[in-house]
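Note sheet for the following structure.
The values are calculated or read from the model by the stated rules, or taken from the named source; none is laboratory data. Everything numeric here is computed off the predicted structure, so don't read it as measured data. Please note: Cβ atoms are built from the backbone with ideal geometry, for glycine as well, and neighbour counts cover all protein chains shown. Heads up: the accessible areas ignore ligands, DNA and RNA and are worked out on the full protein's heavy atoms, side chains in. Shrake-Rupley method; radii C 1.70, N 1.55, O 1.52, S 1.80 Å.
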Amino acid sequence: MEYPRRGRGRAATRLRESPRDPRKRRRPRRQGDVLSLVWYMRLLAAGRIKADPDRFAPFVMDDNGVADVHDFCRREVEPVSVECDQVQIIALTEMLGVPVAIEYLDASGEPSKFVCPDGAEPHVTLLYRPGHYDVLYEGAPAAASPVAAAA
């Protein structure tokens, strides 16, 4: 394939030399890009919660039993520095229309699975560990653990 000769700078050289596989052309994400995306997703979740306050009110009650979804969103959903909880994930999956499965270990040590919305075929699977969610990729090779390597 012949490339146009107009561009002579570094960007043009990188364009001509870039691989055809789009997965190999990922540009490194800047911290600001990631935070902007997280903030935008949080605003979508807050918008969904505020749009249907009666549905989410039982999940957002404070210590006095008062459910103020606007205050909850201001304190728990919109700030990027606050950990996400199941309420935010339910709201975001409904807003985006993307079913999600969350897998976790319950108190007995047995794996459990929560699918949102209920009964849907999930497009994304998350592993919940206290304070953190990881994306699980189906068919991805498991990383070797130090315990397995020592055995």
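Look at the range 93-114: where a residue is in contact (Cβ under 8 Å) with a residue 12 or more places away in the chain and under 20 Å from residue 48 (Cα atoms) and a partner is part of a loop (DSSP other than H, G, I, E, B) and open to solvent by 60 Å² or more (accessible area, probe 1.4 Å), sitting 6+ places away or on another chain with Cβ atoms under 6 Å, you get 98/123; 99/123. Among the residues that make up the range 98-110, is at least one of them in a helix (DSSP H, G or I) and either open to solvent by less than 60 Å² (accessible area, probe 1.4 Å) or in contact with a Lys or Arg (Cβ under 9 Å, 6 or more places away or on another chain) (or both)? Scanning the range 98-110 turns up no residue that is in a helix (DSSP H, G or I) and either open to solvent by less than 60 Å² (accessible area, probe 1.4 Å) or in contact with a Lys or Arg (Cβ under 9 Å, 6 or more places away or on another chain) (or both). Inside the range 65-90, residues that are in a helix (DSSP H, G or I) and closer than 19 Å to residue 35 by Cα make up a count of 7. Every residue in the range 81-97 that is under 10 Å from residue 41 (Cβ atoms) and open to solvent by 60 Å² or more (accessible area, probe 1.4 Å), please. Within the range 81-97, 95, 96 meet the criteria.
Screening the candidates 72, 59 for the property of being within 24 Å of residue 123 (Cβ to Cβ), among the aromatic types (Phe, Trp, Tyr), surrounded by 15 or more Cβ atoms within 10 Å (Cβ to Cβ) and modelled with pLDDT of 85 or more yields one hit, 59. Only residues that are closer than 16 Å to residue 86 by Cβ and open to solvent by 80 Å² or more (accessible area, probe 1.4 Å) were counted in the range 111-127, giving 2. For residue 67, the conditions (1) open to solvent by 60 Å² or more (accessible area, probe 1.4 Å); (2) at pLDDT below 90 all hold with the exception of (1).
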